[in-house]
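Working notes for the structure below.
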Amino acid sequence: MDTATFDLVIRNAHIATATDIFDADIGIRDGRIEALAQRLPPGREEIDAAGRWVLPGGVDAHCHLAQPTDDGSVFADDFFTGTRSAACGGTTTVMPFALQKKGATLEESVANYHAVSDGEACIDYAFHLIVADPTPDVVERELPQLIERGYTSLKLYMTYDDLKLDDRQILDVLSIARREGGMTMIHAENTDCIAWLTERMLAKGLSAPKFHGLSRPVVVEREATHRAISLGEFLDTPVLIVHVSSEEATAQIRDAQSRGLSVYGETCPQYLFLTAADLDQPGHEGAKCICSPPPRDASSQQAIWDGLSNGTFQVFSSDHAPFRYNDPKGKQIGGSDGNFTHVPNGIPGIETRLPLLFSEGVMTGRIDINRFVSVTSTEPAKIYGLYPRKGTICIGADADLVIWNTDIDMTIRNDRLHHNVDYTPYEGRHLRAWPAITVCRGVTVYQDGEFTGSKGFGEYQRCDRPTPAKPKPQFGRPTPWLDVL
Ligand code: DUC
Ligand code: ZN
Ligand code: ZN
């Protein structure tokens, strides 16, 4: 007879949530946390955490997997390899993007994305929508229906020819997001400045990968961030500025927050650990670090650290956008000496996101353990409507847990990673922390260097309407024009 009370008990856990630190055993049944107490009765399976940190599994709320492209390039990771890699780095939920191509409906974009993800993922997943063609039917009929069905966040682009919206289109979408309770993420770069400058740079032969950064200077990000925030303010609609790279864009977000606006910010490892110098490598190798916005300089890195520790940023995501380097459908689609405008934008980082931040953030004292949990798990879960099922350790939450090994000295090597990319921009960097065990809904999906999960285990997560997407009451800030709408 099976007398075990739990399917799994994790004993001697030193637990941190976004707010608390405590020691307990964790009793898990049917994939959920059923008990948190000391000296719990036995489980059918037991893991001794031996006093190590046990944190909520990471929620990577911005990554790109199996995304269609317009230039013939191919994302290196599909839902299997991408989520396998995520699990091995301590992430238990990913949120990639169901991308609407211009001319397509949102409905077919979502259906196509389910077709490539359902039955493939190793950990749980939800989708954001990318709205690239906000026709009246898309905005007025499809978007409300999809938000109602649990696709409650959307990304808008202010740049990239195949994705960008003008201000009027952004307003069309924001007003529906406001009415329906969706969260709007904005990629903020001024597209005309970039195009205008790039034309002139190419005419002068400034085409090597290292010039990618020059073509997208900080002012381009700062202006668009200011504009995105202003459009949200104009319609009294929360906005979240994604992948912030610079001190000036960070200051725009902080200023808006200090004025009481519902403005949220996200940043990513590349803006803490890379600089423009990483794009200046021999031959075409700088292409490996081409992403947008581009990595900046040491003082920007410091500003991003400050924004993480002082609460300007709520979300720390990977923006994993994986393209292979030695691949004619990857970084070299324009040839091995093609100009930077042909290099697909994006860098891999779904597996290294948490270990990098733990090592360089928590273990150096730049951020504390609660803040680490907050930006890597709890806040993304709240902001995108997955909380408290995801993003914390409490009774009733999914048993998404990471036991951390903080007693190591390891070097990042691409051949130890589990993505399908032939490089990592962090090759050779030293780390002092890496997950020992990742548990997703009570199942061990990673242990001691080995992926132990399985394809298809991951479940699609329907998102609630996020509380942070609700407009705030406008005390003392009259907006009479909104009464006209
Ligand atoms: N920039 C994006 O906006 N998305 C994917 C990768 C990148 O560099
Ligand atoms: Zn983007
Ligand atoms: Zn992205």
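The values are calculated or read from the model by the stated rules, or taken from the named source; none is laboratory data. Here the structure is a predicted model, which means the values were calculated and not measured. Please note: Cβ atoms are built from the backbone with ideal geometry, for glycine as well, and neighbour counts cover all protein chains shown. Quick note on the areas: whole protein, heavy atoms, side chains included, nothing else; ligands and nucleic acids left out. Shrake-Rupley method; radii C 1.70, N 1.55, O 1.52, S 1.80 Å.
Does ILE241 satisfy the criteria of being in contact with a helix residue (DSSP H, G or I) (Cβ under 7 Å, 6 or more places away or on another chain), away from ligand 2 (no atom under 15 Å from the Cβ) and either at pLDDT below 95 or among the β-branched types (Val, Ile, Thr) (or both)? Walk me through how you get there before you give the answer.
Values: in contact with a helix residue (DSSP H, G or I) (Cβ under 7 Å, 6 or more places away or on another chain): yes; away from ligand 2 (no atom under 15 Å from the Cβ): no; either at pLDDT below 95 or among the β-branched types (Val, Ile, Thr) (or both): yes.
Judged against the criteria, ILE241 is not a match.
Would you point out which residue out of LEU202, LEU279, LEU240, LEU274 is touching a residue at least 40 places away in the same chain (Cβ under 8 Å) and closer than 16 Å to ALA188 by Cβ? Going through LEU202, LEU279, LEU240, LEU274 in turn, just one is touching a residue at least 40 places away in the same chain (Cβ under 8 Å) and closer than 16 Å to ALA188 by Cβ: LEU240.
Take the residues in region 426-459 that are loosely packed, with under 14 Cβ neighbours inside 10 Å and either of a type outside the set (D, E, K, R) or touching a Leu at 6+ places or on another chain (Cβ under 9 Å) (or both), then tell me which one is nearest to PHE79 (Cα to Cα). Full working, then the answer.
Pass one, region 426-459, residues loosely packed, with under 14 Cβ neighbours inside 10 Å: 427-428, 430, 448-450, 454, 456.
This time we only want the ones that are either of a type outside the set (D, E, K, R) or touching a Leu at 6+ places or on another chain (Cβ under 9 Å) (or both), so: 428, 430, 449, 454, 456.
Details: GLY428: 27, HIS430: 28, GLY449: 20, SER454: 12, GLY456: 9 Å.
Residue satisfying both the conditions and the ranking: GLY456.
Residue by residue, here is whether (1) closer than 25 Å to ALA208 by Cβ; (2) more than 16 Å from the chain's Cα centre (by Cα) holds:
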position	(1), (2)
LEU279	yes, yes
SER299	yes, yes
TRP305	no, yes
GLY330	yes, yes
PHE340	yes, yes
PRO355	no, no
THR364	no, yes
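For first residues located in region 72-98 and under 19 Å from HIS128 (Cα atoms) and open to solvent by less than 10 Å² (accessible area, probe 1.4 Å), partners that are within 16 Å of ligand 3 (Cβ to nearest atom) and of a type in the set (Lys, Arg) and lie 6+ apart or on another chain with Cβ distances below 9 Å form the pairs ALA86/ARG353; THR91/ARG353; PHE97/LYS155.
Taking helices (runs of 4 or more DSSP H) that do not extend beyond region 129-242, which have at least 1 residues that are within 16 Å of ligand 3 (Cβ to nearest atom), surrounded by fewer than 23 Cβ atoms within 10 Å (Cβ to Cβ) and not small (Gly, Ala, Ser)? Can you show your working first?
Details: elements: 143-148, 167-180, 191-203, 211-214, 218-234.
Answer list for region 129-242: 191-203.
Determine, yes or no, whether ALA399 is within 21 Å of VAL375 (Cβ to Cβ) and of a type in the set (A, V, I, L, M, F, W, C). When the stated conditions are applied, ALA399 does not pass them. Output the residues belonging to region 250-275 that are within 14 Å of ligand 1 (Cβ to nearest atom) and over 23 Å from LYS382 (Cα atoms). Answer for region 250-275, where residues must be within 14 Å of ligand 1 (Cβ to nearest atom) and over 23 Å from LYS382 (Cα atoms): GLN270, TYR271, LEU274.
Results for (1) in contact with a helix residue (DSSP H, G or I) (Cβ under 7 Å, 6 or more places away or on another chain); (2) of a type outside the set (Lys, Arg); (3) at positive phi, shown as yes or no for each residue.
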| site | (1), (2), (3) |
| --- | --- |
| ALA13 | no, yes, no |
| PHE22 | no, yes, no |
| ARG39 | no, no, yes |
| PRO42 | no, yes, no |
| GLU45 | no, yes, no |
| GLY51 | no, yes, yes |
| LEU65 | yes, yes, no |
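A search for C-beta distances below 6 Å between a residue of region 52-71 that is more than 15 Å from ligand 3 (Cβ to nearest atom) and any residue that is part of a loop (DSSP other than H, G, I, E, B) and basic (Lys, Arg), counting only pairs 6+ apart in sequence or on different chains, returns VAL59/LYS390. Each residue in region 161-209 was checked for being more than 16 Å from ligand 1 (Cβ to nearest atom), at negative phi and not hydrophobic (A, V, I, L, M, F, W, C), and 15 pass. Scanning region 103-127 for residues that are within 21 Å of LEU386 (Cα to Cα), outside any helix (DSSP H, G or I) and out of contact with any Cys (no Cβ under 9 Å at 6 or more places or on another chain) yields ASP118, GLY119, GLU120, ALA121, TYR125.
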